[in-house]
1. Mind listing the phi-derived Karplus ³J(HN,Hα) values for region 97-109, rounded to whole Hz, using 6.51, -1.76 and 1.60 with θ = phi - 60°, and x for any glycine or proline?
2. Using the number of other C-beta atoms within 10 angstrom as an exposure proxy, rank GLU121, GLU49, GLU32 with the fewest first.
3. With θ taken as phi - 60° and the coefficients 6.51, -1.76 and 1.60, list the Karplus ³J(HN,Hα) couplings across region 18-30 in order, rounded to whole Hz; mark glycine and proline as x.
Amino acid sequence: MSYTAPTPADLVLRYPAFSAVAEASIDYWLTEAAKDCALFPDDMRARAEEAYAAHKMVETGALASAIPQGLTQFKSGTFSANVSESIASLTGFEATVYGREFIAMRRAAFSGPFMAWTPPESSNA
């Protein structure tokens, strides 16, 4: 499967919460994600870029009105929700669902056994 760079429309299709975010903002973060995800395998790269860009948009406030920072309790009509302290205190990529998805893809793409090889010393010393 060959790599095709994701578009803002692709990101919104995958993550509808970003439908109100300006296309220019999404495009900017997809461009940034492309730099940081360049080593992902082609079949995972577009999804990794979308997750990375979504995480960065949340982190920088693109969804500030949709996901208030520090929210631990929310009530609307008959619905109420609490966020556990362990989730509310997460930082970095672990702080958002998009970041956690990115971490999982990064582990899948780059984890596993690695072998270090040291060439034999030359006898021409």
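Since every read-out is calculated from the coordinates, none of them should be taken as a lab result. Bear in mind that the values here come from a model prediction, so they are computed numbers and not experimental data. Backbone-built Cβ (ideal geometry, glycine too); neighbour counts: all protein chains shown.
1. After applying 6.51 cos²θ - 1.76 cosθ + 1.60, I find 4, 5, x, 5, 5, 4, 4, 4, 5, 5, 4, 5, 7 Hz.
2. GLU121, GLU32, GLU49
3. Listing the rounded values in order: 8, 5, 8, 7, 4, 4, 4, 5, 4, 4, 4, 6, 5 Hz.
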